[in-house]
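Below is one structure, written out as structure tokens, with a few remarks after it.
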């Protein structure tokens, strides 16, 4: 239980009013705690986004090192649902996984997608497509082939290009889904 103390005083520093407010943990904080507990039970899952709307609508977006199963979404949903009192707070809950084509936002997502093709929109709005060859906690590396003019003579030659991106130093990154 949390406590907030509010006090006012006069010029002589005499305490005139002392009011105590006792309140429970906020609804959003309760939801965050429950989601974290559910994720601790399945360490291959990780949280991408959690939002609680003004109408107590809960949206949880998950990803996982081996993907996210329907069963995993249900387990997280049940953990939250069964530990909140609907009499106290009416709420709705939606737990889902990142969809195909969803932007990659966390280093852990890049690490699990090494050797897949990515599309990255850099800070200058240039679209770079290539294979994700490496990812660590600070950056990721793309590699692709490009045709460039020969250094001597006419014609073009195929060269391998590599570019490292620091996390947050690009506008958008997505896995390219091939059919």
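Just so you know, all these numbers are worked out from the coordinates, no wet-lab data involved. For clarity, every value in this text was computed on a predicted model and none was experimentally measured.
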*Treat segment 107-175 as a sphere of radius equal to its Kirkwood radius over Cα pairs and apply Stokes-Einstein at 4 °C in a medium of 1.567 mPa s; give the translational diffusion coefficient in µm²/s, rounded to a whole number.*
101 µm²/s
*Given the rule -39500 (n - 2.57) for each run of at least 4 DSSP H residues, summed and divided by the residues of the chain, what is its mean residue ellipticity at 222 nm, to the nearest 500 deg cm²/dmol?*
-5500 deg cm²/dmol
*To the nearest µm²/s, what D does Stokes-Einstein give for the chain at 20 °C and 1.002 mPa s, using the Kirkwood radius over alpha carbon pairs as Rh?*
105 µm²/s
*So for segment 27-97, what are the equivalent ellipsoid semi-axes in whole Å, largest first, each being the square root of 5 times an eigenvalue of the Cα gyration tensor?*
20, 11, 10
*Taking only C-alpha pairs under 8 Å that are 6+ residues apart, what is the relative contact order of the chain in percent?*
15 percent
*Whole Å is fine, so just give me how far the alpha carbon centre of segment 46-74 lies from that of segment 151-168.*
39 Å
*For the chain, with a Gaussian network of springs between Cα atoms less than 10 Å apart, report the residue from 149, 103, 43 with the top mean-square fluctuation.*
149
_segment 24-67: C-alpha gyration tensor shape, a/c 1.5 cut-off, then a/b vs b/c_ = oblate
